[in-house]
Structures are given as C-alpha cells and as structure tokens.
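K.L.:
What follows is a single structure, and I will ask about it in a moment.
The values are calculated or read from the model by the stated rules, or taken from the named source; none is laboratory data. Just so you know, these numbers come straight off a predicted model, no measurement behind them. Glycine also receives a Cβ, built like all others from the backbone with ideal geometry; neighbour counts cover every protein chain displayed. The protein model used for the area step is the full one, side chains on, heavy atoms only, and it has no ligands, DNA or RNA in it. Shrake-Rupley method; radii C 1.70, N 1.55, O 1.52, S 1.80 Å.
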Amino acid sequence: MQYKQLGKAGIRLSEIGYGSWITFGKQIGLQEVKALMHTAFDRGINFFDNAESYAHGEAEILMGRIIKDFRREDLVISTKIFWGGNGPNDTGLSRKHLIEGTKNSLRRLQIEYVDLLFCHRPDLHTPIEETVLAMDYLIRQGLALYWGTSEWSAKQIEAAYDMADELHCIKPSMEQPKYNLFFRDHLEKEYLNLFEKYGMGTTTWSPLASGILSGKYNQGIPSDSRLAKEAWLLPDNFMRLIEKTKQLQQLAEALDCTLSQLSIAWCLHNPHVSSVILGATKPEQLLENIGAIAVKAKLTSDVMKKINDILK
Ligand code: NDP
C-alpha cells in the first residue's frame, strides 16, 4: 500500500480507501462493519469515508464504534455535510447547517475531529463567502483538519479558492468526484487546471460503477446485489455498459487478474487521484479489490490503449 499526499496538502492517505455509502447500516450491521474495517486496516487502508446522510447517520454511528479499535493517529476519517435531515436548516452549506451538521457527525462518530470535511454538493442558495468562512471556522476550532468539495464544477471550486484567498481563509484541499472507466470527464478534463493551479487532491468514488465493473451483472442481476436492492441506481444505458464490461472482462482474463482489479488499477493509474474509495459488502470483495495494487504494473501503454479502444 502506498500512502499519497492529498494534492499538495501534507496529510497522507492510503492509495485505496474504504467507504460506507449504501452498505453500513443498510446492507450490513455492526459485526460485518467490524470485519470489513479490520480487513481494510490490516491490509494498510488508513482512510475511511462517511457522510452525515449515509443511512441517516447510522453509517457514522457504526463506523464510530469500530474506530475505537484503532489508534486515532493511524486513521484518516472523512465525513460530508449537505443532507442532514428534513428541517429547513438541516440541508445545504449555510453557516448554521455546516456547524451543526459537523458537530452532529462528530457526536455520531465519537471523535473530536474529522481529518477531511467535504461540502457534499454545491449549494446554489448560500453565498460562497458564507460557506468558506464556516469551513475556515470549523478548521480553526479543531473540528476538521482539511476541507474540500464533492461534485462541484471546476468553476465553483475556483470560486471557493478565490474567495478563501480574498478573505485570508484556509483554502480547500480536495474534491471528491465520481471516477471510473465509464465516467471520466471531471478528472481527466474539467479539473486539469485546478490540479496545476491549486495542487488540489482527489478522493474518488464508485470505482466499480456500483459493482457493474466487477462483471457480476454480465449474466443478469443477482438477487443479493446492490442493483437488485437499489434499483434506482440502474443506469439508463445499462445494457450498453454490460456489452463494454464483457469486453473488458476478456482483457482482464488475458492479464490474469479480475475485472474488479483491472477497473480499480485503472483508477489508481491516474496521477491526479490521491485515493480511490472502495465500497464492499464482504471481506472477500475487499481483499480481491485491494489486489488491484499489484495489477497497476500491468497497465502498459498498450493495455491502456486497448481499454480506450473498448470504451470508444
Ligand atoms: P463501487 O463502485 O466500488 O461499488 C461497491 C459495490 O460493488 C459494493 O458495495 C458491492 O455491492 C459491489 N462490489 C465491490 N467489490 C466487488 C467485487 N469484487 N465483486 C463483486 N461485487 C463487488 O463503490 P461505491 O459506489 O460504494 O463508492 C465507494 C465509496 O465512495 C462509498 O462507499 C462512499 O464512501 C463514496 N461515495 C461518495 C459519493 C459522493 O457523492 N461523494 C457518492 C457515492 C459514493 P454488492 O455486494 O451489494 O453488490
């Protein structure tokens, strides 16, 4: 396992992280969470991702109970604020919700600070000045160490950097975008200028497109899988993606690895990715996926070209 800086920030994250979306508190309970977090930690994963909205806070409660098994200094814990509840002040990036939401997350996680605090989506109704000042306050109060954005446009991220500069506030350090073989533009095109100009780091999500890029859906939808339980995640172009997945699977077989490993290794290959956040419901999935690290070396320019040809 390599530990990479988060862009130009000093903190080091395992190149593979482990996240809790849809799984913790929905598909799996405390004993499974314990087994998975220990499997991850034992293989060198130090970065664990969460959000106030995951399972309505239950994902943070479960993660918080297992965090106690480890030394705090050995962990990088993140959470994301935006969707905190149903009240008029429980959502968005107002000073009120950012401060209350963060304090509620810390209470559920049973920790004094998160390492990474994300604005989970842009808030078009709150002035960027208010959001930047609130994030600066949270860091200066010691409740978070670094702040960043998730699924913001390059223009919105740039506005946050500029405002922080103007107000002499702590600047954002990272963005959390979706990035996988089927979804590439943010990272490979839109954000390029931000990496150069600001030294922005990234923690990327859904490396397997919710499992499609493991090949598990090539022969239909298994009843115990995510897409059987969360049908709203089924993409409109599902059958087209399955056609591509079948071709990618053949390439993985030729490289003597699994398709999950090839898909995750491909994400790791991008130098602008600081950490790839995995999702997993079983330790076997996690172990297989961590095996992607060994597959990185197989991604020669010839293999990368073959992948691009398939995805054309
Ligand atoms: P993936 O795209 O990797 O999907 C994970 C799911 O795929 C697993 O839960 C499992 O589902 C299935 N899977 C994983 N490995 C295998 C395998 N080897 N073989 C077969 N099936 C497998 O990641 P996620 O979509 O979960 O995203 C990862 C993390 O990113 C999240 O947990 C969250 O922390 C973060 N995230 C952030 C978002 C944001 O807006 N910032 C949005 C979404 C996620 P199953 O067993 O149920 O089929």
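K.L.:
Going through segment 3-28 one residue at a time, which ones are of a type in the set (Gly, Ala, Ser), within 16 Å of the ligand (Cβ to nearest atom) and over 24 Å from Gln261 (Cβ atoms)?
P.N.:
The one that is of a type in the set (Gly, Ala, Ser), within 16 Å of the ligand (Cβ to nearest atom) and over 24 Å from Gln261 (Cβ atoms): Gly25.
K.L.:
Which is at pLDDT 95 or above and open to solvent by 10 Å² or more (accessible area, probe 1.4 Å), of Ser20, Ser14, Ser78, Ser53?
P.N.:
Result: Ser53 is the single residue among Ser20, Ser14, Ser78, Ser53 that is at pLDDT 95 or above and open to solvent by 10 Å² or more (accessible area, probe 1.4 Å).
K.L.:
Test each condition in (1) open to solvent by less than 10 Å² (accessible area, probe 1.4 Å); (2) free of Cβ contacts under 8 Å to residues at least 60 places away in the same chain for Lys96 and report the one that comes out false.
P.N.:
(1)
K.L.:
Of Lys244, Lys216, Lys229, which residue is at pLDDT 95 or above and either near the ligand (Cβ under 8 Å from one of its atoms) or within 22 Å of the chain's Cα centre (by Cα) (or both)?
P.N.:
So the residue among Lys244, Lys216, Lys229 that is at pLDDT 95 or above and either near the ligand (Cβ under 8 Å from one of its atoms) or within 22 Å of the chain's Cα centre (by Cα) (or both) is Lys216.
K.L.:
Among (1) closer than 21 Å to Leu6 by Cα; (2) within 21 Å of the chain's Cα centre (by Cα), there is one condition Ala164 misses while meeting the rest; what is its number?
P.N.:
The number of the failed condition is (2).
K.L.:
Could you list, in sequence order, the residues of segment 23-38 that are open to solvent by 20 Å² or more (accessible area, probe 1.4 Å), touching a residue at least 60 places away in the same chain (Cβ under 8 Å) and assigned to a helix (DSSP H, G or I)?
P.N.:
Glu32, Ala35
K.L.:
Please go through (1) in contact with a His (Cβ under 8 Å, 6 or more places away or on another chain); (2) of a type in the set (D, E, K, R); (3) buried (at least 23 other Cβ atoms within 10 Å of the Cβ) for Asp69 and return the number of the only condition it doesn't satisfy.
P.N.:
Of the numbered conditions (1) in contact with a His (Cβ under 8 Å, 6 or more places away or on another chain); (2) of a type in the set (D, E, K, R); (3) buried (at least 23 other Cβ atoms within 10 Å of the Cβ), the odd one out for Asp69 is (3).
K.L.:
Which of the residues that make up segment 38-56 are among the charged types (D, E, K, R) and within 15 Å of the ligand (Cβ to nearest atom)?
P.N.:
Matches in segment 38-56: Arg43, Asp49, Glu52.
K.L.:
Collect the residues in segment 56-66 that are buried (at least 24 other Cβ atoms within 10 Å of the Cβ) and of a type in the set (D, E, K, R), keeping them in residue-number order.
P.N.:
Passing the criteria: only Glu60.
K.L.:
So, one more: Can you pull out the residues in segment 104-138 that are aliphatic (A, V, I, L, M), within 21 Å of the chain's Cα centre (by Cα) and open to solvent by 10 Å² or more (accessible area, probe 1.4 Å)?
P.N.:
The answer is Leu106, Ile111.
Listed here are the residues, each with its yes/no results for (1) more than 28 Å from Gln2 (Cβ to Cβ); (2) of a type in the set (Lys, Arg); (3) surrounded by fewer than 18 Cβ atoms within 10 Å (Cβ to Cβ).
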position	(1), (2), (3)
Tyr179	no, no, no
Glu188	no, no, yes
Phe195	no, no, yes
Gly211	no, no, no
Arg240	yes, yes, yes
Gln250	yes, no, yes
Glu253	no, no, yes
Cys257	no, no, no
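K.L.:
Do we find that Pro222 is within 20 Å of the chain's Cα centre (by Cα), farther than 21 Å from Leu93 by Cα, near the ligand (Cβ under 8 Å from one of its atoms) and assigned to a loop (DSSP other than H, G, I, E, B) in this structure?
P.N.:
Considered against the rule, which asks whether it is within 20 Å of the chain's Cα centre (by Cα), farther than 21 Å from Leu93 by Cα, near the ligand (Cβ under 8 Å from one of its atoms) and assigned to a loop (DSSP other than H, G, I, E, B), Pro222 comes out as no.
K.L.:
Can I ask one more? Tally time: how many residues in segment 202-260 are touching a strand residue (DSSP E or B) at 6+ places or on another chain (Cβ under 7 Å) and among the charged types (D, E, K, R)?
P.N.:
Residues flagged as touching a strand residue (DSSP E or B) at 6+ places or on another chain (Cβ under 7 Å) and among the charged types (D, E, K, R) within segment 202-260 amount to 0.
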